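The values are calculated or read from the model by the stated rules, or taken from the named source; none is laboratory data. Model, not experiment: these values are computed from the prediction. Heads up, the Cβs are rebuilt from the backbone with ideal geometry, glycines too, and the neighbour counts pull from every protein chain shown.
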Amino acid sequence: MNLAKLESTAREMVSGGRGILAMDESTGTCTSRFDKLGVPSTEENRLSYRSMLVTAEGLSEFISGAILFDETIRQSVNGDTPFATYLNDAGIVPGIKVDTGAKALAGHPGEKVTEGLDGLRERLQEYVSLGARFAKWRAVITIGDGIPSDACLMANAHGLARYAALCQEADVVPIVEPEVLMDGGHSIEQCRDVTHRTLKTVFQQLDNQGVVLSGIVLKPNMVLSGKECTEQAGVDEVARQTVDCFLDCVPASVPGVAFLSGGQTDEQATQHLNKMNQLGLNLPWYLTFSYGRALQQAPMKAWSGDNSKTVEVHQQILQRAEVNALASQGAV
């Protein structure tokens, strides 16, 4: 393990007023988004759209890293330069999603555990050869009647920790993503409690597996009211509850927290991040973003399958990236 290399890459991903573009949608997820636009989800269309995203001139001013899907990292931008090479040359760190999805957790109805550890060491070696410098693994935690269970939190935290250890062995920075879902009618206080339990369990497992925290990036949910909750917490409360929770759970040695948008609207994701960075606290880690839909929704709609819309797509991705980069500095 080259710790200096891991630490340098992790800092590059989360500092300097930039954030991470999550463009690692599985083929199924990409298909569902294309379907809403009436666009066939062919490999050619997915390649054309993703090529448009990364070729926006000046994107690296606001985007520090991009998470790719397995299909994408094997493709070339506009059929010319491999995606990872193109990104690296543009000043954007290329990364790769390595989990194989969340599956039903045996014996625990309504709960899931993320799979993908089998063969991960060998897959990481291949991804490194393709140019990946960081990886991502997402665990999903649902709030409901009697859940999440301790068994669910432990299973997902253990998987995240083993994945992270394998990444660091390969000199790949692990993005550790435990997502407490917004789905449900829970209050912001319930979300804070579950997020607290989740993060405490994750960091205990990371420690057990010998993961060096200065060489990871944390990608968590914000502390939010459930989508169906009748009382929706305002921007100020979300910012305060999230930062307070993280100060109690996230060790100072973690270089940065890159929040997921997790079903929030584009505007909400920006406002919440901006307010956290306006609290005036001397936080030990950078707070930035690793958004997928909150960055891509507008440019994908502008494209809508029409490859002549390059200018419009570039305008939209640059606008969304810039405003969130400003939010990572509390400057919106």
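Numbers below:
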item	result
Meets criteria (surrounded by fewer than 16 Cβ atoms within 10 Å (Cβ to Cβ), in contact (Cβ under 8 Å) with a residue 12 or more places away in the chain and out of contact with any Leu (no Cβ under 7 Å at 6 or more places or on another chain)) for Gly119	no
Selected residue [outside any helix (DSSP H, G or I) and either of a type in the set (Val, Ile, Thr) or surrounded by fewer than 16 Cβ atoms within 10 Å (Cβ to Cβ) (or both)] from Gly185, Gly226, Gly262	Gly185
Test for Ala151: is it modelled with pLDDT of 95 or more, part of a helix (DSSP H, G or I) and surrounded by fewer than 17 Cβ atoms within 10 Å (Cβ to Cβ)	yes
Condition met for Val254 (surrounded by fewer than 23 Cβ atoms within 10 Å (Cβ to Cβ), hydrophobic (A, V, I, L, M, F, W, C) and not in a strand (DSSP E or B))	yes
Out of Gly95, Gly91, sole residue that is of a type outside the set (Ser, Thr, Tyr) and either without any contact (Cβ under 8 Å) to a residue 60 or more places away in the chain or loosely packed, with under 15 Cβ neighbours inside 10 Å (or both)	Gly91
Within region 73-105, tally of residues that are under 21 Å from Leu120 (Cβ atoms) and assigned to a loop (DSSP other than H, G, I, E, B)	6
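For every residue, the table says whether it meets (1) charged (D, E, K, R); (2) part of a helix (DSSP H, G or I).
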position: Leu21; (1), (2): no, no
position: Glu25; (1), (2): yes, no
position: Thr31; (1), (2): no, yes
position: Ser41; (1), (2): no, no
position: Leu47; (1), (2): no, yes
position: Arg50; (1), (2): yes, yes
position: Ala66; (1), (2): no, no
position: Glu71; (1), (2): yes, yes
position: His108; (1), (2): no, no
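One line per residue, one yes/no per condition, for (1) touching a Pro at 6+ places or on another chain (Cβ under 9 Å); (2) modelled with pLDDT of 95 or more:
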| residue | (1), (2) |
| --- | --- |
| Gly263 | no, no |
| Gln271 | no, yes |
| Pro284 | yes, yes |
| Val311 | no, yes |
| Gln316 | yes, yes |
| Ala321 | no, yes |
